[in-house]
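For reference, the structure discussed in these notes is given below.
The values are calculated or read from the model by the stated rules, or taken from the named source; none is laboratory data. Since we're looking at a predicted model, the values are computed, not measured. Neighbour counts are summed over all protein chains in view; Cβ atoms, including those assigned to glycine, are modelled from backbone coordinates with ideal geometry. Keep in mind that these areas ignore ligands, DNA and RNA; they rest on the heavy atoms of the full protein, side chains included. Shrake-Rupley method; radii C 1.70, N 1.55, O 1.52, S 1.80 Å.
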Amino acid sequence: MTHVYAFPQIEKKWQHVWDEQETFKAGRDDGKTKCYCLEMYPYPSGRIHMGHVRNFSIVDVISRFKLMQGFDVLHPIGWDAFGMPAENAAIEQGVHPREWTLSNIEHMKAQLKKMGFSYDWGREITTCLPEYYTWNQWIFLKLLERGQAYRKRSQVNWCPSCQTVLANEQVVNSGCWRCDTQVSMKHMEQWFLKITDYAEELLSGLDQLREWPEHVLVMQRNWIGRSTGGRVTFSLKDGQGDIEVFTTRLDTIYGATFMVLSPEHPLTDRLVEDAGDRRKLQDWIEQSRAELKQMAEAGETKKDGIDTHKTALNPFTGEEIPVWVANYVLMEYGTGAIMAVPAHDERDYEFARKYGLSIREVIVPEPGEAPEEGIFSGYGTVVNSGPFSGMSSQEAMDKMADLAQEKGFGHKQVQYRLRDWGISRQRYWGTPIPVIYCEACGVVGVPYEDLPVTLPEEIDFSREEGSPLESIRSYVEAPCPRCGGPGRRETDTMDTFFDSSWYYFRYCSPQADRLPFEPAQAQDWLPVDVYVGGVEHAILHLIYARFFCKLLRDLGLTDIDEPFPFYLSQGMVTKDGAKMSKSKGNVVDPDEMITKYGADATRLFMLFASPPKKEFAWDEKGIEGTSRFLHRIWKFYHEFADILKTDGLEAGLAGCEAPPAPLRVKLHQTVRKVTLDIGKRYHLNTAVSSIMELFNRIKRDAPALIATQEGKALTRDAFGVMLQLLAPFAPYITEELWEKSGHSTVIARSSWPQCDPELAQEENVTVVVQVNGKVRAKFEIERDLPEEEVKRAALELERIRSLIAGRELRKIICIPNKLVNIVV
């Protein structure tokens, strides 16, 4: 009889079983240790893509594995449902954003269910529904009360295509993060959140995140941008005002030969008011303001400036130095003004040479230290600096700061690159900002009992500029909640990153109607144990989510400081050498792959072909290979069905007491390796490879083993355990064969196999450890361990730690199973 692997029918069957039995419902097992597994929730664009499949499959493997290990697993899903694409669809297709979004969610939900992901669908959230965005508004009002949400007129990033403001973090290479359109600058009234209040905590908190990729930590540190230095006041001659500068190199102040203001500096216009060529100077300033940010983002090196014909007094020397306006100084960094030290700063040097400005050396290398080529920008010995000459740079900086403090013209200061988060967006499809403007009362928050402020259903998208909400009189006109007089409702909506900054809290109690979430439930589940998403969110979402966690803590809703102690940044999916995208015409539709090969084969290929952290190159030949592998398992079971059926007990690793057969040793070794690969190393590709090797060994040994009762028992045990190891990766076929083998419970809730440490012991190798090419130690380690583990083991050796203590680690060279060379 032919036993066809009819995966479409098998998949539908088990989707129904899991739903009916609520197999993946979280919080159903009292007393079990919790495990919160989460992927970044998707935008409902209409269809899932292979990037989704890879990301979600990674988390699903970990979730299923933890469930089988006996954890109470929370693995939720939701929809990042506000945003520009829905409005674009409304304009292009004439369909309402809500209808378009909810229809897409329905389709994508069906796709996710086809993939067999182990979501607790009872916790599903959709951010465009009032039951979610009510709490965005609630949080905003709390921040407004605390002064952490405020409104001001400022120069903002403007996307002319999306017709909306962008946060600094949303400008990438001078373009809009969403559509790549060149960003321009515009002055507008905007709402901001005081993320800068948390700058130091956001920075210091990174030290707790030891399970984050180093490059993501570096990106966040650089974006927060902490600088320690001094703030110094230069007074304009004739009492025309003061210019404040922030410098990290106070030791060079005697070499300041001119000052430079940003074209955006508030003093700039006033300084050229009485100039003879005022019109020419103002025209240059206006043009520079328009070009400034784009030039800086693009890294352009051309430095232009104008002389204001004004001078300022160096407070240390009393010397008059000229004040210029130049395009290489940005208002958003420091104070928007610098003291220019051309002898020790490359940009200042280029500018001084171009305009014939004075250059004065005030720092020289320490004795015995080779001078740098060109200008000297390092720390050294101070010269030509009055009473500070002869001091080291550090000593001079300390004493100069003390003098500035004593004399009242400066002080030490810590400064950050991070700027407050502008959340106003001039679009319809977002959370309405719950504020009313009243001529008598000013800015008034909507009362909590009147939340949510809902979006009007009837909307006109024909406006070329400004929010579509501005044209709806019934929405805009609203009585003042405080005095009852006429008021005007805020027509901007919130940045959609507001929604995603706290959604992981809402999953803990999605039905909560008293608060954004129930603190007791959040206490039970948070922090998230495993968080997976793309590195493109390293600055945007991940900084905002960390910020909101601290805000919610300070509101008394949680006691955690960091939401994601473990973050895995998965690599992108590429095809034909480029990232999959519609514009490149290289998108692979997961539905086509599921129809052709089945969900298990699709998942297995996405997990097998590359480590999760690495880029994944699509090749359909690979999915053909995983499909053949699953068919071989199906065929093997039916060939040996009589032997592989159990008495209803779970598979085990005990068996006979005779000397262990090679297959039994292989079985224990595979259990150990797969357990480590999923649970500690997150090397899912090597876990799949090990399972494949185990199956091949079972298939090879079975014909000989079944000649004895002991051999039959071993074959049955080995096959059952192999199904359990494979279950997180290929859930459908393993559930079906588990049931056919005689088990009455689903494999998803069976107990993860345990190995015998003695039988599981792998062959060890001796690894030599060098420091700068000299042999310093040797140690034993398991053969073929991942390179990261070998490096870590070498660095943890006591002798090596003492040798490299206090020295800069340049690189580590690893030759598998042989050598680790640490270069310091």
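Restricting to region 715-751, and then to whatever is part of a loop (DSSP other than H, G, I, E, B) and open to solvent by less than 10 Å² (accessible area, probe 1.4 Å), can you tell me which residue is farthest from Trp18 (Cα to Cα)? Step by step, filter region 715-751, then rank; the result is Ser741. Taken over region 699-714, the criterion of being surrounded by fewer than 24 Cβ atoms within 10 Å (Cβ to Cβ) and assigned to a helix (DSSP H, G or I) is satisfied by Lys699, Arg700, Asp701, Ala702, Pro703, Ala704, Leu705, Gln709, Glu710, Gly711, Lys712, Ala713.
Considering each of Glu787, Glu762, Glu758 in turn, give the residue that is open to solvent by 40 Å² or more (accessible area, probe 1.4 Å) and touching a Cys at 6+ places or on another chain (Cβ under 6 Å). Criteria check complete, one pass: Glu787.
Just checking, how many residues over region 421-460 are among the acidic types (Asp, Glu) and more than 29 Å from Tyr43 (Cβ to Cβ)?
Of region 421-460, the ones among the acidic types (Asp, Glu) are 439, 449-450, 457-458, 460.
Among the residues that remain, those that are also more than 29 Å from Tyr43 (Cβ to Cβ) are: 439, 449-450.
Counting residues in region 421-460 that are among the acidic types (Asp, Glu) and more than 29 Å from Tyr43 (Cβ to Cβ) gives 3.
So that you can scan it fast, the table gives a plain yes or no per residue for (1) at pLDDT 95 or above; (2) open to solvent by 20 Å² or more (accessible area, probe 1.4 Å); (3) over 22 Å from Thr431 (Cβ atoms):
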{"residue": "Phe56", "(1), (2), (3)": "yes, no, yes"}
{"residue": "Val61", "(1), (2), (3)": "yes, no, yes"}
{"residue": "Phe65", "(1), (2), (3)": "yes, no, yes"}
{"residue": "Met68", "(1), (2), (3)": "yes, no, yes"}
{"residue": "His75", "(1), (2), (3)": "yes, no, yes"}
{"residue": "Trp79", "(1), (2), (3)": "yes, no, no"}
{"residue": "Val95", "(1), (2), (3)": "no, yes, no"}
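Among residues of region 438-464 that are at pLDDT 90 or above, those with a beta-carbon under 6 Å from a residue that is open to solvent by 70 Å² or more (accessible area, probe 1.4 Å) and of a type in the set (A, V, I, L, M, F, W, C) at least six positions away or on a different chain give the pairs Ala440/Cys483; Cys441/Cys483.
Within region 478-490, is even one residue part of a helix (DSSP H, G or I) and either crowded, with 18+ Cβ neighbours inside 10 Å or of a type in the set (Ser, Thr, Tyr) (or both)? No, every residue in region 478-490 fails to be part of a helix (DSSP H, G or I) and either crowded, with 18+ Cβ neighbours inside 10 Å or of a type in the set (Ser, Thr, Tyr) (or both). Could you please let me know if Asp561 is touching a residue at least 24 places away in the same chain (Cβ under 8 Å), within 22 Å of Gly720 (Cα to Cα) and of a type in the set (Asp, Glu)? Taking the combined requirement at face value, the residue does not satisfy it. If you filter region 770-784 down to residues that are at negative phi and within 35 Å of the chain's Cα centre (by Cα), you find that the one that is surrounded by the most Cβ atoms within 10 Å (Cβ to Cβ) is Val771. Pairs linking a residue in region 523-550 that is polar (S, T, N, Q) to a residue that is part of a loop (DSSP other than H, G, I, E, B) and surrounded by fewer than 23 Cβ atoms within 10 Å (Cβ to Cβ), with Cβ atoms under 6 Å and 6 or more positions apart or on different chains, do not occur.
Let's see how each residue does on (1) part of a strand (DSSP E or B); (2) farther than 16 Å from Arg546 by Cβ; (3) at pLDDT 95 or above; (4) over 23 Å from the mean Cα position of the chain (by Cα):
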position	(1), (2), (3), (4)
Lys142	no, yes, yes, yes
Gln155	yes, yes, no, yes
Glu169	no, no, no, no
Cys179	no, yes, no, no
Leu206	no, no, yes, no
Thr228	yes, yes, no, yes
Arg231	yes, yes, yes, yes
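Restricted to region 526-628, the set of strands (runs of 3 or more DSSP E) holding at least 1 residues that are modelled with pLDDT of 95 or more and within 22 Å of Asp60 (Cβ to Cβ) comprises 530-533, 567-569.
Against the condition assigned to a loop (DSSP other than H, G, I, E, B), touching a helix residue (DSSP H, G or I) at 6+ places or on another chain (Cβ under 9 Å) and either over 21 Å from Pro315 (Cα atoms) or open to solvent by 70 Å² or more (accessible area, probe 1.4 Å) (or both), how does Ser358 come out, does it pass? In short, no. Can you work out which of the residues in region 288-330 that are at pLDDT below 85 and among the aliphatic types (A, V, I, L, M) is surrounded by the most Cβ atoms within 10 Å (Cβ to Cβ)? Applying the filter and picking the extreme gives Leu292.
Could you tell me which residue of region 262-284 is modelled with the highest pLDDT, considering only residues that are outside any loop (DSSP other than H, G, I, E, B) and either open to solvent by less than 10 Å² (accessible area, probe 1.4 Å) or among the hydrophobic types (A, V, I, L, M, F, W, C) (or both)? Break it down stepwise before answering.
First, the residues of region 262-284 that are outside any loop (DSSP other than H, G, I, E, B): 268-271, 278-284.
Add one more test, that the residue is either open to solvent by less than 10 Å² (accessible area, probe 1.4 Å) or among the hydrophobic types (A, V, I, L, M, F, W, C) (or both), and what stays is 268, 271, 281, 284.
Numbers: Thr268: 84, Leu271: 81, Leu281: 69, Trp284: 73.
Within region 262-284, the match that is modelled with the highest pLDDT is Thr268.
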